[in-house]
Each structure stands twice: as C-alpha cells, then as structure tokens.
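Encoded as structure tokens, the structure appears first; notes follow it.
What follows is calculated from the coordinates using simple rules that are stated; it is not laboratory data. Quick caveat, the model's predicted, so the values are computed rather than measured. We place every Cβ from the backbone using ideal geometry, glycine too, and count neighbours over all the protein chains shown.
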Amino acid sequence: MDHGDNEQTSLSLDDYLDLLNLAIRLKDRKWQADIIRTLHLMQESQGEEQAKSEECTEQELWQCVDQINERMSALYHELKATDDKDIQRKLLDQMWELKIARVEVFRKIRSIYQ
C-alpha cells in the first residue's frame, strides 16, 4: 500500500488511540502513561521532515510492540503465580487482547515496507 505522509501519521495515531483504549480497558495505568507519552512525542514530531517523520513512525510502532510484550510478560508471571481460576481466565483474556493488538501493530509495520 502506498500512503501519503498525512495518512501514514493518521494510521499510526489511530493505532495508538486503539492501544490506549485497550490499556484503559485493562486498567493498566503504566501502559496508559507510556502510550500518552508516545502520543505527545508524535504530536511534537509532526512538523519534522518526511524521512525523519517516517522513521519516527516506525520507531514508535516498534516501541509499541515492546510495550505489548512487556505487558504480556507481566501477565504471564501473574498467571503462573495464581491458582484462582477466575483470575487466570481474566489474565488469559487480557493476554489474548494484547496478542490481537500486537498483530495489528505488526501489520502496520509491514505496511511501511510494502
């Protein structure tokens, strides 16, 4: 897919807003703060030149992958630490949502190279 600069930035912004919504639903305040910080950085970098803007977009997507992986790892450790079946089910549901979010971020990264 060939996207213009504004559309590429818009897609990245939409992705972060989706992830922020997921972080809110998961009640993960640290992840929410990380995403909000990234959104502020994106807003500051909007006026930069095209090459640098594209690089930031890709870098931000990879940062998002890292954040998702860190959260999934934390959930995995919580899952292994509890024997409560209800808590395990909730943790597994959260992990599933994160896996879906990670796939979407990878799709956006792949679209940069197509």
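The modelled label-to-label distance between residue 40 and residue 113, using points 7 Å beyond Cα along the C-beta direction, is 3.3 nm.
Lysines near residue 27 by alpha-carbon distance under 24 Å, same-chain residues fewer than 8 away left out - which ones? Within the straight-line limit of under 24 Å, residue 27 reaches these lysines: 80, 85, 90, 99.
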